[in-house]
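Everything below concerns the one structure shown next.
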Amino acid sequence: MAKNIQAIRGMHDILPDQSGRWLFLEAHIMEVLARYGYQEIRTPIAEMTELFRRSIGDVTDIVEKEMYTFEDRNGDSLTLRPEGTAGCVRAGIQNGLFHNQIQRLWYRGPMFRHERPQKGRYRQFYQMGVEAFGLEGPDIDLEMVAITRRFWQALGLEGLQLQINTLGTAEERVLYRERLVAYLSDHRKMLDEESERRLQTNPLRILDSKNPQMRELIEQAPTLMEYLNRASKSHFELLCAGLESLGIEYIVNPRLVRGLDYYTRTVFEWVTDQLGAQGTVCAGGRYDGLVEQLGGRATPAVGFAIGLERLVLLLEQQPELPAVSAPDAYLVMVGEAPQAAGITLAEGLRDRLPALRLLCHCGGGSFKSQFKKADRSGARYALILGEEELSRGVIGVKSLRDDSAQQEVAIAALAEHLRTRL
Ligand code: ATP
Ligand code: MG
């Protein structure tokens with residue numbers, strides 16, 4: 001017999017017993033975003049490869065080795081999106097969303113990166129991301145952080161730490177880069193192979209290295225703070241002051257450089273020590289140069305993305321898990337006439353009780369077998385309709401979660417009865 005086909009390594013099914021948690025998460029996040037006046041944007045999952053090369057940067061992990069790139073039948077080079085910002089910016093430019101307008105947008109969906117799969121790191125993973133275009137001040141940076149804090153509150157997540165840093169502007173980085181390269185060259189023997197290579201191409205990324213052997217070298221490295229001009233410094237200080245006035249705790253981490261080239265000034269991450277090595281659940285920052293770099297008018301922008309799998313893992317570690325949504329009632333129908341009458345009854349209940357979650361038994365069978373299914377469904381009540389009940393115009397209501405006695409209710413009064421019990 002042929003072997004069953006398996007899902008692609010690093011790409012996972014989200015099964016029904018998990019999807020409730022995903023819905024819980026996404027619903028809360030969307031509600032918070034609506035409260036801040038953000039609107040959804042949906043962009044294609046595949047884009048021209050060139051878009052990611054030009055936005056993320058050629059000398060980044062993503063573009064160098066993680067993209068799912070393929071030729072389509074016309075010979076165009078396409079890539080499954082590894083992140084969401086490039087597509088948002090492309091869509092905004094193409095549709096004129098940035099002309100004298102402010103946009104507060106969010107997106108969600110799968111992203112693709114060919115990384116080594118492990119806990120919290122997959123080849124297809126989901127992000128929810130938020131982007132604001134057309135605002136240059138630290139006030140919108142602060143709004144981004146305030147939104148994320150409200151997410152964690154809404155989800156009941158604790159123990160997340162906010163780290164922030166500033167990457168300055170492109171000009172400020174030129175000076176700093178020289179100084180950093182000089183420092184790292186002086187200690188060349190201590191660089192690993194990848195960092196040696198990055199010394200020429202993208203030295204700032206060396207600060208992001210996860211190699212423990214280089215930790216000390218990195219900790220001693222000069223920091224960008226010393227190279228900031230007045231405007232960048234004040235931007236950063238205003239953000240810090242705003243965080244303090246909102247009572248948001250943070251630490252300044254001068255080694256925080258984001259993996260993508262396009263960031264400027266503010267960068268931030270929310271990290272946890274509850275997920276092992278994959279501790280960053282949310283990451284973002286300002287990217288004032290990207291819209292212009294992709295051919296649009298210069299437009300300041302700031303945004304962040306949340307890794308949803310990591311958030312789900314975190315949610316599962318909370319002492320009090322949100323309840324999974326079980327049906328309120330399961331309708332048991334035995335006999336031909338009760339089956340026909342039951343379906344009409346069920347539709348009537350759904351008309352009158354919009355919040356009711358009602359499962360109707362399908363496929364017939366004995367009382368006993370239907371009861372078993374009712375129990376297994378997790379429903380709170382079984383509604384029991386047999387020939388005998390139907391002939392008297394009543395229905396049995398039995399609690400499946402405690403030992404209280406079964407009640408008999410007139411069919412005409414059932415909706416009202418359920419309304420008071422649920
Ligand atoms: P990391 O340092 O963990 O690789 P990153 O800097 O590459 O993260 P971003 O591109 O900023 O990550 O993506 C934002 C968020 O998306 C991350 O903080 C993380 O929560 C999530 N994420 C990134 N890559 C993956 C992945 N391969 N699998 C699952 N989640 C991911
Ligand atoms: Mg990465």
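The values are calculated or read from the model by the stated rules, or taken from the named source; none is laboratory data. Just so you know, these numbers come straight off a predicted model, no measurement behind them. Ideal geometry is used to build each Cβ from the backbone, glycine not excepted, and the neighbour counts take in all protein chains shown. Just so you know, the surface numbers come from the protein's heavy atoms only, side chains and all, with ligands and any DNA or RNA stripped out. Shrake-Rupley method; radii C 1.70, N 1.55, O 1.52, S 1.80 Å.
Summary of values
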item: 29 Å Cα-Cα reach of Lys398 towards lysines, excluding residues that sit fewer than 8 places from it in its own chain; result: Lys368, Lys372, Lys373
item: Mean residue ellipticity (222 nm) of the chain, computed from DSSP H runs ≥ 4 via -39,500 (n - 2.57), nearest 500; result: -11500 deg cm²/dmol
item: ³J(HN,Hα) computed for each position of the stretch 223-228 - Karplus, 6.51 cos²θ - 1.76 cosθ + 1.60, integer Hz, glycine/proline x; result: 10, 5, 2, 5, 9, 6
item: Compactness relative to 2.2 N^0.38 Å, alpha carbon Rg of the stretch 156-208; result: 1.49
item: Long-range HN-HN contacts of Tyr287 with modeled amide H, under 5 Å; result: Thr264, Ala301, Val302, Gly303
item: Calculated over the stretch 28-85: convex hull of Cα atoms, volume per residue (Å³); result: 113 Å³
item: Shape of the stretch 323-422, Cα gyration tensor, a/c cut at 1.5; result: rounded
item: GNM result for the chain, Cα springs below 10 Å: residue of Cys360, Cys88, Cys282 fluctuating most strongly; result: Cys360
item: Fraction of accessible area attributable to carbon and sulfur, the chain (%, probe 1.4 Å); result: 50 percent
item: Whole-number D in µm²/s for the stretch 1-160 (Stokes-Einstein; Kirkwood sum over Cα pairs; 4 °C, 1.567 mPa s); result: 72 µm²/s
item: Translational diffusion coefficient (Stokes-Einstein; Kirkwood radius from C-alpha pairs) of the stretch 208-308 at 25 °C, 0.890 mPa s, in µm²/s; result: 158 µm²/s
item: Interchain or long-range residues, amide H under 5 Å from Asn202's placed H; result: none
item: Whole-angstrom Cα spans of the stretch 243-292 along principal axes, big to small; result: 38, 31, 17
item: Qualifying GluC sites (Glu not before Pro) for the stretch 136-175 [loop in DSSP, other Cβ within 10 Å: at most 16]; result: Glu136, Glu158
item: Other-chain or far-sequence residues with amide H under 5 Å of Tyr68's (modelled H); result: Leu80, His114
item: Hull volume in cubic angstrom per residue (convex hull over the Cα atoms of the chain); result: 219 Å³
item: For the chain, accessible area per residue (1.4 Å probe, heavy atoms of protein chains only), Å²; result: 51 Å²
item: Sequence-separation-based contact order of the chain, relative, with Cα cut under 8 Å and 6+ spacing, percent; result: 15 percent
item: In Hz, Karplus ³J(HN,Hα) per residue of the stretch 59-72 (6.51, -1.76, 1.60; θ = phi - 60°; x = Gly, Pro); result: 9, 10, 3, 4, 6, 5, 8, 10, 7, 8, 10, 8, 8, 8
item: Cβ crowding within 10 Å averaged over residues, with 72-80, 200-208 ranked highest first; result: 200-208, 72-80
item: Residue-by-residue Karplus 3J(HN,Hα) for the stretch 402-414, coefficients 6.51, -1.76, 1.60, Hz, glycine and proline x; result: 8, 8, 4, 5, 5, 10, 10, 10, 5, 3, 5, 9, 4
